[in-house]
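A.B. asks: For reference, the structure I am asking about is given below.
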Amino acid sequence: MTPEHLARQPFGQAPAIEEDGLILFESGAIALYVAGQSERLLPKDRVERERATAWLFAALNSVEIWIQQLASLDFFHAKEDWTKEWRPQIEKLVRDRLGMLEKALDGKDYLEGKFTVGDLMMADVLRIIDHTHLVDTYPHLRAYQRRCEARPAFQRAMKAQMDGFMNAA
């Protein structure tokens with residue numbers, strides 16, 4: 001970790017951005033900043049804007065918190081004895097959240113009916129458990145994730161992110 005990176009991201013993680021003298025870190029803060037530049041991602045209508053923001057926070061605080069625990073077990077502790085006891089409990093919590101998310105979609109293409117920053121963040125959070133195929137057991141949720149990831153802007157952002165990782169390696 002370089003001192004320059006720690007100056008932008010005090011925890012030494014990704015992501016961090018710098019634009020016109022503004023330094024931001026944390027994916028939610030960055031997504032909200034970027035969305036604020038697009039009425040499509042963050043609608044001007046007060047109710048629509050706050051609902052999109054609520055879904056952004058739900059992705060990070062209600063869904064990712066469990067998904068990240070499962071991914072941590074799988075990627076960093078898979079061979080530990082205690083993981084065999086703990087993982088089924090975490091997987092159940094993830095499945096519960098995925099079921100709630102599927103129900104919230106209720107046949108809609110996007111969480112609020114049209115793509116917003118909340119969908120952007122939720123799709124990114126769901127990618128964390130792609131190695132498990134858990135989302136596949138929720139057909140509407142899987143279709144939603146694929147729809148979000150197929151968007152050209154999502155594809156460009158993923159390419160830029162992966163290029164950044166490759167250049168840093």
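A.B. asks: Among 131-140, 151-160, how do they line up from the highest to the lowest mean number of other beta-carbon atoms within 10 Å?
C.D. replies: Packing proxy ranking, top to bottom: 131-140, 151-160.
A.B. asks: How would the stretch 56-155 be classified by its alpha-carbon gyration tensor: rounded, prolate or oblate, with rounded meaning a/c under 1.5 and the a/b versus b/c comparison settling the rest?
C.D. replies: In terms of gyration-tensor shape, prolate.
A.B. asks: Below 19 Å Cα-Cα, how many Lys pairs turn up in the chain? Only count pairs eight or more apart in sequence, or on different chains, if you could.
C.D. replies: So the count of such lysine pairs works out to 4.
A.B. asks: Starting from the Cα-Cα distance between residue 45 and residue 140, subtract it from 0.36 nm times their residue separation and give me the gain in nm to one decimal.
C.D. replies: 31.5 nm
A.B. asks: Go ahead and run the numbers for FRET between residue 2 and residue 76, Cβ-Cβ distance against an R0 of 30 Å, rounding to 0.05.
C.D. replies: 0.80
A.B. asks: In the stretch 56-155, if the dipole is taken from +1 on Lys/Arg beta carbons and -1 on Asp/Glu beta carbons about the Cα centre, which of 88, 107, 56 is farthest to the positive end?
C.D. replies: 107
A.B. asks: Also, I was wondering about something else. Please compute the length gained on full extension between residue 109 and residue 38, using 0.36 nm multiplied by the number of residues separating them and subtracting their Cα-Cα distance.
C.D. replies: Working it through step by step, the gained length comes to 23.6 nm.
A.B. asks: If the label point is 7 Å along Cα→Cβ of residue 85, which residues in the stretch 42-71 have backbone nitrogen under 13 Å from it?
C.D. replies: Answer for this model: none.
A.B. asks: Who wins for biggest fluctuation among 33, 144, 110 in a Gaussian network model of the chain, springs between alpha carbons below 10 Å?
C.D. replies: 33
A.B. asks: Please identify, among 96, 20, 81, the residue showing maximal mean-square fluctuation in a Gaussian network model of the chain using a 10 angstrom Cα cutoff.
C.D. replies: Highest fluctuation of the listed residues: 20.
A.B. asks: Turning to a different aspect of this structure: Order 97-104, 53-60 from most to least packed using the mean count of other Cβ atoms within 10 Å.
C.D. replies: Listed from highest to lowest mean packing, they are 53-60, 97-104.
A.B. asks: While we're on this one: Calculated from DSSP H runs of 4 or more alone, at -39500 (n - 2.57) each and per residue, what is the 222 nm mean residue ellipticity of the chain, nearest 500?
C.D. replies: -20000 deg cm²/dmol
A.B. asks: If you don't mind, another one. Can you tell me which of 19, 112, 91 moves the most in a GNM of the chain? Springs connect C-alpha atoms under 10 Å apart.
C.D. replies: Among 19, 112, 91, the largest GNM mean-square fluctuation belongs to 19.
A.B. asks: Hey, what do the phi angles of the stretch 30-47 turn into as Karplus ³J(HN,Hα) couplings, whole Hz, using 6.51/-1.76/1.60 and θ = phi - 60°, x for Gly and Pro?
C.D. replies: Going residue by residue, I get 5, 4, 5, 4, 4, 4, x, 8, 9, 5, 5, 7, 9, x, 6, 4, 4, 5 Hz, with x marking Gly and Pro.
Laboratory data are not the source of any read-out in this text; all were calculated from the coordinates shown. Please read these numbers as outputs of a predicted model, since none were measured by experiment. With ideal geometry, Cβ positions are generated from the backbone for all residues, glycine too; neighbour counts draw on all protein chains shown.
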